[in-house]
Amino acid sequence: MPRLQPGEDGRHHTYCRLCEAQCGLIAEVQSGVIARIGPDRDHPVSRGHLCVKAPGMLQITYDEDRLLQPMKRTGAPGDFEPVSWDSALDDIAARVKRITGRHGGASLAGYIGNPAAFSTFHYAYGFGFIGMFGSDKFYNAMQVDTGARVLASDQVFGDSGRYPFPDLPGTDFLMIFGSNPIISHMSLITTPKARELLDGIAGRGSVIVVDPRRTETASRYEHQPIKPGGDVFLLLGLLKSLIEAELTDEAFLSAKVNGWKELRQRVVAFSWSDICAASGIQEERIREVAARFTSASAAACYGRAGTNRGRFSTLANILMDALNLATGNFARAGGSVIGRNPFEPEQGARRAASYGSKRSRVGNLPLVADTQPGGGLAEEILTSGEGQIRALFLDSGNPVLSYPRGDLLEEALETLELFVSLDLYMNESNRYADYILPAPSFYERADVNDQWAANAPEPWVQYVAPVIEPLGDCRHEYEIYDGMLQRLEMPDLTSVITGQRSDFDNRRSYLEIAEMGLRSGTYGDKFGAKPEGLNLDKLLNEHPSGYAVRERVDASRSWDQITFEDRKPRLWTEMIESELDRLEKEPLDDRRLKLFGRRLLHTMNSWMHNSDKVIRNARPTLLMHSVDAEARQIADGQKVRLHNRHGEIEVQVEVSDTVVPGSVNYPHGFGHRNGGWRQANQMEGENINLLASSDPKDWEPVSGNCHLDGVPVEVRPV
Ligand SMILES: Nc1nc2c(c(=O)[nH]1)N[C@H]1C(S)=C(S)[C@@H](COP(=O)(O)OP(=O)(O)OC[C@H]3O[C@@H](n4cnc5c(=O)[nH]c(N)nc54)[C@H](O)[C@@H]3O)O[C@H]1N2
Ligand SMILES: Nc1nc2c(c(=O)[nH]1)N[C@H]1C(S)=C(S)[C@@H](COP(=O)(O)OP(=O)(O)OC[C@H]3O[C@@H](n4cnc5c(=O)[nH]c(N)nc54)[C@H](O)[C@@H]3O)O[C@H]1N2
Ligand code: SF4
Ligand SMILES: [Mo]
């Protein structure tokens, strides 16, 4: 069957690029318009799975509030008028030239947000653009999302870009810390079948969900409630139990792992009374779980968003790695594994660990994976001196809602000499921009699921063409960056990234970056030398639903992904030692309520709220335990004021014993008032990040991660 052209009537193979599951989809085009989004039952892994957000994205694509023309600011924040691409790009290029001429390349910054993670090599060319001016001001959502895991990987495995994940199809005993996969569909693991795989594990053994809330996932499996931020103590307790019961494989640990002896010594020194008080879990229970972990034939522990934004999240992630290693479950089928990126050479890229070699200008924090601490963006803009940010390129992000103290960031954004945003909408952040340049939704874009295959227990690759051509005057982000470079008489991005010269007239697309990686990578055709291997054409034409490169991840090859010379994980580094010292000194604060977050099935961070399909059932409420509600004379459904020294918001209470006493819970990404998304503006809900601190002293010092879960707050009836 000949392949359909973009916009041609018929059934188009595509996949969802909203979350890591990347479900295979069929888009039905009628009269040039996408009429329906349905599941692709032929997808080798998702086999028909999808959620409400993929069809929701169809509404977003055709949303009348979406921007389809370049917009230029004409007055107050939010006042824009449409302009031509030429006038926008000419003016932006001239201003970039003037600013970098006067203040140097370091005055340019880029923030690239979450949706770009699912757009092929988007970070590479977005940050590549900023880098071409000599700037290292790269910002993204890392310090509100993955930062602690990224730093843990740098320390333990020598590579900030590789993440261990549980080999779910073979696991018998899984401990999940701070993740709610029934709603989020998993993160830093790529699988569209989370529920099916977790059900399988529960059938063979156990799934224990460690969470301060009895989440949708926790109530389906075995719930272990914990105090917000208590994970690091529970993990110390689990390791201590194993050591005391002599259940660790000491011969293996001394042969295959560096630093266990030193870590072991420090772990046993923590007292049971501190461990139990800080986690809220009894010693017997911790010992029981540790014994079950070791007796399972294959076990793994895994942590995500909820173990990334606390006071000691990096250490918690490192202790999870230690638990997997100490029980012999690392690199074992059904254990904790590290997969291979099909877009990297066979041996895996050998990245030099860069941690600590650079620090931020404001706050003097060590950069993790060469990324600036996102919570410091406002101060970097406002603090004068060398390297002050004068121009910002905000691409696929909404930091006014996603990072702490958006109110301060709003003030800073308004002082920029140049602020350019690439987005589908006017949001709470880019309403301060000089220009908003309209980008296509993923249904209007070709993509290949590049890096994510590395995190898949059942790895596949898929390459899809656009279902329809970009609507209106939208342009792919890649083309927008190149359009500016061309006007500045600089080389185009692909030639810079691939090292292969081309010129603007026969410019090579971003897909060529993927093509080069795929063909030279593990599963590639080696440019013809291995004819049975893959290239993009073959993927598109012979495997339109995606191609499973292996049935299962090769667990034993996880060792090869460790980039230290001796291929041994490290459990003892200067950073680990200093974090343990800090942990010993940190006083327990049980006086105030601790605020932590949740995700709703029917929302996507801060931005899909203009689709009634998506938000139909999304009503944010403050969950509060009955004990805490009674103590404050607060009734179910009542309006309360939530406040601390950073800010205050008024929200509605839902008295619920699903949260642990002493804590309250509210979803993030709300608080729309004045974006261009009219329906979202009407929604109930407030921005909880107004209560989070934007002061670097309050963040995790080693990672620069913002403290978003476990934030002390007071709650009073209004
Ligand atoms: N308190 C609290 N805060 C949190 C979290 C939490 O759990 N609790 N979660 C954090 C997490 S995990 C994340 S990832 C961040 C997300 O934070 P950000 O990445 O800063 O923001 P998003 O809400 O993802 O907003 C994405 C923007 O990209 C636009 N967009 C969508 N698709 C495209 C596209 O293809 N191209 C372009 N150019 N634009 C596009 C949308 O219109 C929207 O304006 O939020 C974080 N903030
Ligand atoms: N429906 C939907 N799906 C999404 C998203 C979305 O916005 N909506 N966002 C996507 C993105 S960007 C990401 S990063 C992933 C994230 O996916 P997940 O990592 O699964 O994140 P969450 O669903 O926020 O779950 C975090 C859990 O941590 C718990 N938690 C909070 N504090 C603590 C703590 O101190 N200790 C422990 N043990 N638990 C704690 C919370 O109660 C919550 O249940 O989801 C993705 N999928
Ligand atoms: S789970 Fe939902 S949002 Fe995630 S990829 Fe699948 S359809 Fe898209
Ligand atoms: Mo995220």
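The values are calculated or read from the model by the stated rules, or taken from the named source; none is laboratory data. Note that this is a predicted model, so its numbers are computed, not measured. All Cβ positions, glycine included, derive from the backbone under ideal geometry; neighbour counts span all protein chains shown.
Each row is one residue, and each column tells you yes or no for (1) more than 16 Å from ligand 1 (Cβ to nearest atom); (2) free of Cβ contacts under 8 Å to residues at least 40 places away in the same chain.
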position	(1), (2)
Gly48	yes, yes
Leu68	no, no
Lys72	yes, no
Val96	yes, no
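Using the structure shown, decide if Thr248 is surrounded by 16 or more Cβ atoms within 10 Å (Cβ to Cβ), over 31 Å from the mean Cα position of the chain (by Cα) and either within 16 Å of ligand 2 (Cβ to nearest atom) or outside any helix (DSSP H, G or I) (or both).
Numbers: surrounded by 16 or more Cβ atoms within 10 Å (Cβ to Cβ): yes; over 31 Å from the mean Cα position of the chain (by Cα): yes; either within 16 Å of ligand 2 (Cβ to nearest atom) or outside any helix (DSSP H, G or I) (or both): yes.
Yes, satisfied.
Can you tell me which residues in segment 1-42 are within 16 Å of ligand 3 (Cβ to nearest atom), out of contact with any helix residue (DSSP H, G or I) (no Cβ under 9 Å at 6 or more places or on another chain) and assigned to a loop (DSSP other than H, G, I, E, B)?
Asp40, Arg41, Asp42, listed by residue number.
Based on what the data block shows, is Gly229 farther than 20 Å from Val368 by Cα, small (Gly, Ala, Ser), within 16 Å of ligand 1 (Cβ to nearest atom) and more than 15 Å from the chain's Cα centre (by Cα)?
The answer is yes for Gly229.
Six or more apart or on different chains, Cβ atoms under 9 Å: show the pairs whose first residue is in segment 583-606 and on the phi > 0 side of the Ramachandran plot and whose second is of a type in the set (A, V, I, L, M, F, W, C).
Every condition considered, the pairs that remain are Asn605/Ala141; Asn605/Leu401.
Those residues that are more than 27 Å from Gly662 (Cα to Cα) and more than 33 Å from the chain's Cα centre (by Cα), I need them from segment 262-294; list them, please.
Those that are more than 27 Å from Gly662 (Cα to Cα) and more than 33 Å from the chain's Cα centre (by Cα): Gln265, Val268, Ala269.
Which condition breaks for Arg311 when tested against (1) over 30 Å from Val268 (Cβ atoms); (2) out of contact with any strand residue (DSSP E or B) (no Cβ under 7 Å at 6 or more places or on another chain); (3) touching a residue at least 24 places away in the same chain (Cβ under 8 Å)?
For Arg311, the exception is condition (1).
Pick out the one residue from Gly397, Gly375 that is touching a residue at least 40 places away in the same chain (Cβ under 8 Å) and not in a loop (DSSP other than H, G, I, E, B). Reasoning before the result, please.
Values: Gly397 fails: not in a loop (DSSP other than H, G, I, E, B).
Matching residue, one of Gly397, Gly375: Gly375.
Restricting attention to segment 217-237, does a residue exist that is over 13 Å from Ala322 (Cα atoms), in a helix (DSSP H, G or I), without any contact (Cβ under 8 Å) to a residue 60 or more places away in the chain and aromatic (Phe, Trp, Tyr)?
Within segment 217-237, one or more residues are over 13 Å from Ala322 (Cα atoms), in a helix (DSSP H, G or I), without any contact (Cβ under 8 Å) to a residue 60 or more places away in the chain and aromatic (Phe, Trp, Tyr).
Can you say whether Asp370 is crowded, with 23+ Cβ neighbours inside 10 Å and under 21 Å from the mean Cα position of the chain (by Cα), as far as the supplied structure shows?
Numbers: crowded, with 23+ Cβ neighbours inside 10 Å: no; under 21 Å from the mean Cα position of the chain (by Cα): yes.
So Asp370 fails the test.
Could you check Gln561 against (1) at pLDDT 95 or above; (2) away from ligand 2 (no atom under 16 Å from the Cβ) and say which number it fails?
Evaluating Gln561 over (1) at pLDDT 95 or above; (2) away from ligand 2 (no atom under 16 Å from the Cβ) leaves (1) as the failure.
Can you work out which of the residues in segment 353-372 that are part of a loop (DSSP other than H, G, I, E, B) and basic (Lys, Arg) is nearest to Gly110 (Cα to Cα)?
We begin by selecting, within segment 353-372, every residue part of a loop (DSSP other than H, G, I, E, B); these are 353-358, 360-365, 367, 369-370, 372.
Add one more test, that the residue is basic (Lys, Arg), and what stays is 358, 361.
On the way: Lys358: 17, Arg361: 15 Å.
Top of the filtered list is Arg361.
Going by what's in this entry, would Gly101 be described as touching a Gly at 6+ places or on another chain (Cβ under 7 Å), more than 16 Å from ligand 1 (Cβ to nearest atom) and modelled with pLDDT of 95 or more? Outline the logic, then answer.
On the way: touching a Gly at 6+ places or on another chain (Cβ under 7 Å): no; more than 16 Å from ligand 1 (Cβ to nearest atom): yes; modelled with pLDDT of 95 or more: yes.
No.
For the subset of segment 117-150 comprising residues that are under 15 Å from the mean Cα position of the chain (by Cα) and closer than 28 Å to Leu536 by Cα, which member is nearest to ligand 3 (Cβ to nearest atom)? Before you say what the answer is, go through the steps one by one.
Initially, segment 117-150 is screened for residues under 15 Å from the mean Cα position of the chain (by Cα), giving 117-119, 122-123, 139-150.
The next check asks that each one be closer than 28 Å to Leu536 by Cα; those that pass are 117-119, 122-123.
Details: Ala117: 12, Phe118: 8, Ser119: 14, His122: 17, Tyr123: 19 Å.
Applying the filter and picking the extreme gives Phe118.
Kindly indicate whether Val496 is in a loop (DSSP other than H, G, I, E, B), in contact (Cβ under 8 Å) with a residue 12 or more places away in the chain and either of a type in the set (S, T, N, Q) or buried (at least 16 other Cβ atoms within 10 Å of the Cβ) (or both). So that I can check it myself, show each step before the final result.
Numbers: in a loop (DSSP other than H, G, I, E, B): no; in contact (Cβ under 8 Å) with a residue 12 or more places away in the chain: yes; either of a type in the set (S, T, N, Q) or buried (at least 16 other Cβ atoms within 10 Å of the Cβ) (or both): yes.
Spelling it out, it is not the case that Val496 is in a loop (DSSP other than H, G, I, E, B), in contact (Cβ under 8 Å) with a residue 12 or more places away in the chain and either of a type in the set (S, T, N, Q) or buried (at least 16 other Cβ atoms within 10 Å of the Cβ) (or both).
Cβ-Cβ below 6 Å, separation at least six or inter-chain, first residue in segment 665-684 and free of Cβ contacts under 8 Å to residues at least 40 places away in the same chain, second crowded, with 23+ Cβ neighbours inside 10 Å: which pairs?
Short answer, once both residue conditions are applied: Asn681/His672.
Report, by residue number, each residue of segment 46-62 that is more than 11 Å from ligand 3 (Cβ to nearest atom) and surrounded by 19 or more Cβ atoms within 10 Å (Cβ to Cβ).
Hits for segment 46-62 are Leu58, Ile60, Thr61.
When both residues are 6+ apart or on different chains and their Cβ atoms are under 6 Å apart, which pairs have a first residue that lies in segment 6-22 and is over 15 Å from Leu58 (Cα atoms), and a second that is polar (S, T, N, Q) and within 16 Å of ligand 1 (Cβ to nearest atom)?
Glu20/Ser187; Glu20/Thr190; Gln22/Asn449
Among the residues of segment 183-192, is there at least one that is surrounded by fewer than 24 Cβ atoms within 10 Å (Cβ to Cβ), outside any strand (DSSP E or B), touching a helix residue (DSSP H, G or I) at 6+ places or on another chain (Cβ under 8 Å) and free of Cβ contacts under 8 Å to residues at least 60 places away in the same chain?
So far as segment 183-192 goes, no, none of its residues is surrounded by fewer than 24 Cβ atoms within 10 Å (Cβ to Cβ), outside any strand (DSSP E or B), touching a helix residue (DSSP H, G or I) at 6+ places or on another chain (Cβ under 8 Å) and free of Cβ contacts under 8 Å to residues at least 60 places away in the same chain.
What is the residue count in segment 116-155 for residues that are within 27 Å of Phe312 (Cα to Cα), within 16 Å of ligand 2 (Cβ to nearest atom) and surrounded by fewer than 23 Cβ atoms within 10 Å (Cβ to Cβ)?
Residues meeting the conditions: 1.
Can you find a residue that is within 16 Å of ligand 4 (Cβ to nearest atom) and under 30 Å from Phe177 (Cα atoms) anywhere in segment 122-129? I'd like the intermediate steps shown before the answer.
In the first step, residues of segment 122-129 are kept if they are within 16 Å of ligand 4 (Cβ to nearest atom); the result is 122-123.
Subsequent filtering for residues that are under 30 Å from Phe177 (Cα atoms) retains 122-123.
Yes, because at least one residue in segment 122-129 is within 16 Å of ligand 4 (Cβ to nearest atom) and under 30 Å from Phe177 (Cα atoms).
Keeping to segment 203-224, report how many residues are within 9 Å of ligand 2 (Cβ to nearest atom) and under 23 Å from Ile318 (Cβ atoms).
5
Given the residues His625, His602, which is the only one that is more than 12 Å from ligand 2 (Cβ to nearest atom) and either surrounded by 19 or more Cβ atoms within 10 Å (Cβ to Cβ) or at pLDDT below 95 (or both)? Spell out the reasoning first.
Numbers: His602 fails: more than 12 Å from ligand 2 (Cβ to nearest atom).
Residue meeting the stated conditions: His625.
Out of all the residues in segment 275-301, which are touching a helix residue (DSSP H, G or I) at 6+ places or on another chain (Cβ under 7 Å) and not hydrophobic (A, V, I, L, M, F, W, C)?
If the condition is that a residue be touching a helix residue (DSSP H, G or I) at 6+ places or on another chain (Cβ under 7 Å) and not hydrophobic (A, V, I, L, M, F, W, C), then Ser279, Gln282, Glu283, Arg287, Thr294 are the ones that fit.
When you look at Gly56, is it away from ligand 1 (no atom under 16 Å from the Cβ) and either touching a Cys at 6+ places or on another chain (Cβ under 9 Å) or not hydrophobic (A, V, I, L, M, F, W, C) (or both), yes or no?
No.
Looking at Arg102, is it away from ligand 2 (no atom under 14 Å from the Cβ), under 25 Å from Tyr15 (Cβ atoms) and not aliphatic (A, V, I, L, M)?
Working: away from ligand 2 (no atom under 14 Å from the Cβ): yes; under 25 Å from Tyr15 (Cβ atoms): no; not aliphatic (A, V, I, L, M): yes.
Criteria not met by Arg102.
Which condition number in (1) modelled with pLDDT of 95 or more; (2) not in a strand (DSSP E or B) is the one that Ser160 fails?
(1)
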